[in-house]
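Below you'll find the structure, written out as structure tokens, and then a few comments.
The values are calculated or read from the model by the stated rules, or taken from the named source; none is laboratory data. All values derive from a computational prediction rather than experimental measurement. Please note: Cβ atoms are built from the backbone with ideal geometry, for glycine as well, and neighbour counts cover all protein chains shown. Ligands, DNA and RNA are excluded from the accessible area calculation, which covers all protein heavy atoms including side chains. Shrake-Rupley method; radii C 1.70, N 1.55, O 1.52, S 1.80 Å.
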Amino acid sequence: MLQFGDLIKDFEQMNKAKQRFFKKRAVFTCSIFTLSALFFLVLRFSPYHALSDFNKRPVSTRIYDCQGKLIQITAVENGIRREFIPLSEIPPFVQEAFIESEDKKFYSHHGIDFAAILRAFFQNASEGRTVSGASTITMQLARIIKPNTKRSFFTKITEAFDALRLESRLSKSRILELYLNSVPFGFNAEGIASAARTFYSKSVKELSKDESICLAVSVRRPSLYNPFKVSPTAKKFSYPFEAPHFVRYITNLPDSPVGKKAEVHTSLYLDLQNAVEDMLSRSVAEQAKNRLSNGAVLVCDTQTGEILSWVGSSDFFDEEHKGQIDGILSARQPGSSMKPFLYALALENGFSPSSVLPDIPMEFGFESLYVPQNFNNRFNGPVRLRVALASSLNIPAVWLLNEIGIEKYQKKLFELGFNSLKEQEAGLSLALGGAEVSIFELTQAFSVFARDGLFLPLRAIDDFDSAQTSIKEKKESPNSEETAQVFDVNTARLICDILSDKDARALGFGYNQTFQTPFPSMFKTGTANQYQNITALGASPRYTVGVWMGNFSGETVIGKTGSSIPAKIARDILVMLQGNKGEDFKKPAQFKKVRICSLSGKIACENCPDTVKEYLPIGEKYQEKCDWHTKGGTSYPAEYATWFRLKNRSGIVDDKGSPLKIISPRNGSTFYYDESIRPDLQKLVVEASGGSEETARFFVNGRFFCESRRPFLAQVPLKRGKQKISVQCGEESTEIEITVK
């Protein structure tokens, strides 16, 4: 019989056993909880580089013009179209069709459907082949994120693990959104938006329920359930390929939204783009006989800087003539198209439209002599700045650059956006477009004049946060990084007035109808020195056009100059845009029109035979009366002596009173002695002007050489080494030093 003590002992043992049980269960539970927590932390926070890369992959961008017309839907890798559309914009019945077809328990599992796995296992085992799958939408997404062509038990485990990782990191809505935007449908279409467009020529919102079901089923086996075969409403979409060079340009912009955003709205005007493409193509075809095979046209809104048309070549698909090269961005010699920027700088450095510039035989430079010529090989003597620019004379332009300084001009060109010049070394030929720039840079800079001297970068993409800022607001924010007042308002208005002046243009071009429009407009043309590039710039207060024509191969164009073919295209585009109407260019302020002598550029006097009206700054400095014309005839300044002797001209050259100087050669010049030529034939013509007397004495290395009456000329034999040549006239003397090698 058990004693009470034994009962107590048994109770205590039972109690201890129970405590040990509960302790073990607590440890087990804690271990399970800890392992579960660790597993969750691994799922949630372990590195998932594939997902990070997946979220950064490019998408197809729908690119629209300014009127909402589709320009292109860009392709991603391997020509695939992958448009993105938010889940909120995908109709519920489309979402339900995919869930019903692929994963009925999508919202109730955590990435893995174990019941489906068991069902698939027994079905496949009984049939001896794969007749059913168990991949959830999350597992399919994991396979898309991290593709693996080898199908094995290990890859299945990896996909299941990645599916759990996705479920721990993303919401169900986000998982479904990524899946519907990434699932492949075949025919280079990925995602429901691209599938709807490719197979039905519709947006996702326009799909019917039957079409949604057909697309949902097709993802199982795209080749078998191809909607083109099984759907009666299928209609293949023809992807547009408009403005290819323009699309390439905006795609390559820094921080371009193309490939990152689903939609991009641009400034391009597609109707104008197509018209300009046709115009350029016809013109190139007509000029094939002149060995002209290509061209490029850029059109922009002058006041906003918006790019309206971008035609990079006459035919993008013309491989023979390298049609895929973008002529808008290619740097080429622009010829005289650069002159307006130099003359604008001159106006801001003491010159006026009436300033007289020398168009006479000249040599510039030192070790490397530069002898510019006009395009017609003629010299016009004294020419007013207005006429020199409008008629595109070369020698006055080079003379201006030499006076102003190359460095100062380059600095201004950099302010105007000519970044191409930063990589080039250019001398005085920069005045004539001897360096290479692009039509993009030229058009952008030329638009400055009709915008009152305000530089505004050309833009192609509508940024509704900032790009719709009006031009007035831009002018009122001078600290803006985008804009800069590169020329004074009056300078810009004077350039517009000069380049739209048909009378000033007549000396160089006659009254050419190419430059005539029913509204105020201005033009500047240019030809590279070997005729391999011909350009034209045209502008009204509303629009600016830049045209390049030539050959990407560098071949010369036969028998045509910059004032013909591209200028006609620029004019026709302006007329097409504006019809017969257009506002006037603004008149310069602080200037008044006065009657001046057309020869001297000074205030006309009673002896001036020919006068014109010209804008002059208000002030005494510009009120000097003409002293070239007297009752006795016309008297030219001394520097025009050589030009005066080239032909029989009426009048005289007034040498007296001008400072004595040696006109030619220039101080510091270098010449080369040729052994194959007789020594007595190798002579250097030295010319001097000015002085107060009628005779001058020439000295070589300090020894008297000869005496000459006006004009002061001497032929000095060339001898190797340094030679000092001096001229003495009355009490005045001047000296230069040359080197003969």
### Query
Cβ-Cβ below 6 Å, separation at least six or inter-chain, first residue in the range 230-259 and assigned to a loop (DSSP other than H, G, I, E, B), second open to solvent by 50 Å² or more (accessible area, probe 1.4 Å): which pairs?
234/228; 259/58
### Query
Which one of 727, 685 is assigned to a strand (DSSP E or B), closer than 24 Å to residue 361 by Cα, open to solvent by 70 Å² or more (accessible area, probe 1.4 Å) and not acidic (Asp, Glu)?
685
#### Entry: Cross-chain or 6+ apart pairs with Cβ under 7 Å, the range 579-593 first and in a strand (DSSP E or B), then open to solvent by 100 Å² or more (accessible area, probe 1.4 Å)
591/618; 592/618; 593/613
### Message
I'm trying to understand the selection: among the residues of the range 132-164, which are β-branched (Val, Ile, Thr), modelled with pLDDT of 80 or more and over 21 Å from residue 107 (Cβ atoms)?
### Response
157, 158
### Query
Just to be sure, is residue 90 modelled with pLDDT of 90 or more and aliphatic (A, V, I, L, M)?
yes
### Summary
Filtering the range 274-293 for residues that are open to solvent by 10 Å² or more (accessible area, probe 1.4 Å), in contact (Cβ under 8 Å) with a residue 24 or more places away in the chain and closer than 19 Å to residue 245 by Cα leaves a count of 7
### Query
Just checking, how many residues over the range 572-583 are modelled with pLDDT of 95 or more and loosely packed, with under 15 Cβ neighbours inside 10 Å?
1
### Query
Only one residue in 450, 467, 492 is at pLDDT below 95, open to solvent by less than 40 Å² (accessible area, probe 1.4 Å) and either assigned to a loop (DSSP other than H, G, I, E, B) or on the phi < 0 side of the Ramachandran plot (or both), so which one is that?
467
## Note on the structure
Residue count, the range 522-571, condition at pLDDT 95 or above, part of a loop (DSSP other than H, G, I, E, B) and either among the basic types (Lys, Arg) or open to solvent by less than 10 Å² (accessible area, probe 1.4 Å) (or both), comes to 2
### Task
Give the range 603-625 a look and list any residue that's in a loop (DSSP other than H, G, I, E, B) and either open to solvent by 60 Å² or more (accessible area, probe 1.4 Å) or within 26 Å of residue 589 (Cβ to Cβ) (or both), or say none.
604, 606, 609, 610, 618, 619, 623, 624
### Query
Of the conditions (1) modelled with pLDDT of 95 or more; (2) under 30 Å from residue 58 (Cα atoms); (3) small (Gly, Ala, Ser), residue 281 fails just one. Which one is it?
(2)
### Task
Could you check, for the range 251-265, whether at least one of its residues is hydroxyl-bearing (Ser, Thr, Tyr), open to solvent by less than 30 Å² (accessible area, probe 1.4 Å), over 12 Å from residue 72 (Cβ atoms) and in contact with a Lys or Arg (Cβ under 9 Å, 6 or more places away or on another chain)?
no
### Query
residue 53 is checked against (1) part of a strand (DSSP E or B); (2) modelled with pLDDT under 95; (3) not aromatic (Phe, Trp, Tyr) and fails just one. What number does that condition carry?
(1)
### Scope the range 69-111; condition free of Cβ contacts under 8 Å to residues at least 40 places away in the same chain, charged (D, E, K, R) and open to solvent by less than 50 Å² (accessible area, probe 1.4 Å); matching residues
103
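Can you tell me which residues in the range 495-507 are open to solvent by less than 20 Å² (accessible area, probe 1.4 Å) and either over 28 Å from the mean Cα position of the chain (by Cα) or more than 22 Å from residue 598 (Cβ to Cβ) (or both)?
Hits for the range 495-507 are 504, 505.
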### Query
Got a sec? Which of 397, 445 is more than 15 Å from residue 486 (Cβ to Cβ), touching a residue at least 40 places away in the same chain (Cβ under 8 Å) and open to solvent by less than 20 Å² (accessible area, probe 1.4 Å)?
397
### Query
Any idea which of (1) under 18 Å from residue 430 (Cβ atoms); (2) hydroxyl-bearing (Ser, Thr, Tyr); (3) modelled with pLDDT of 90 or more is the one residue 354 doesn't satisfy?
(1)
